[in-house]
1. Out of (1) over 22 Å from the mean Cα position of the chain (by Cα); (2) not in a helix (DSSP H, G or I), what's the single condition that is false for Gly3?
2. Which members of segment 32-59 meet the condition of being within 25 Å of Lys80 (Cα to Cα) and free of Cβ contacts under 8 Å to residues at least 40 places away in the same chain?
3. Need the failing condition index for Glu75 against (1) touching a Leu at 6+ places or on another chain (Cβ under 9 Å); (2) at pLDDT 95 or above, just the number.
4. Within segment 1-35, work out how many residues are among the aliphatic types (A, V, I, L, M), surrounded by 10 or more Cβ atoms within 10 Å (Cβ to Cβ) and modelled with pLDDT under 95.
5. Determine which member of the set Glu75, Glu68, Glu17, Glu24 is in a helix (DSSP H, G or I) and over 17 Å from the mean Cα position of the chain (by Cα).
Amino acid sequence: MAGTLLKEQQISMLREEIEILMDERQSLLDAAGAAAVFVASLDSAKLPRSAYRAAKLLARFLNSLPDETLQDALEKVNGKSAH
């Protein structure tokens, strides 16, 4: 009986942790989507050198995301901007 209670507590803790991770993923998708839209809207010829380097770094990180993740991020941002 004590073993069953312990397992139930562990399952509950795992569920809570998964919910936290899913919430964090949603926030990261929001940030990545907004960053992708921002980078896509920049005119690199008009950026100061320091901003150009930061935009290039951000673009490199965005491009390293799996296609599905970046697509999810863009869909989240596009869905929010439509409302």
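The values are calculated or read from the model by the stated rules, or taken from the named source; none is laboratory data. Quantities reported herein were computed from a predicted structural model and do not represent experimental measurements. Using ideal geometry, Cβ is built from the backbone for each residue, glycine included, and neighbour counts are taken over all protein chains shown.
1. In the conditions (1) over 22 Å from the mean Cα position of the chain (by Cα); (2) not in a helix (DSSP H, G or I), Gly3 misses (2) alone.
2. Ala35, Phe38, Val39, Ala40, Ser41, Leu42, Asp43, Ala55, Leu58, Ala59
3. Of the numbered conditions (1) touching a Leu at 6+ places or on another chain (Cβ under 9 Å); (2) at pLDDT 95 or above, the odd one out for Glu75 is (2).
4. Of the residues in that region, 1 qualify.
5. None of the others qualify; the one that does is Glu17.
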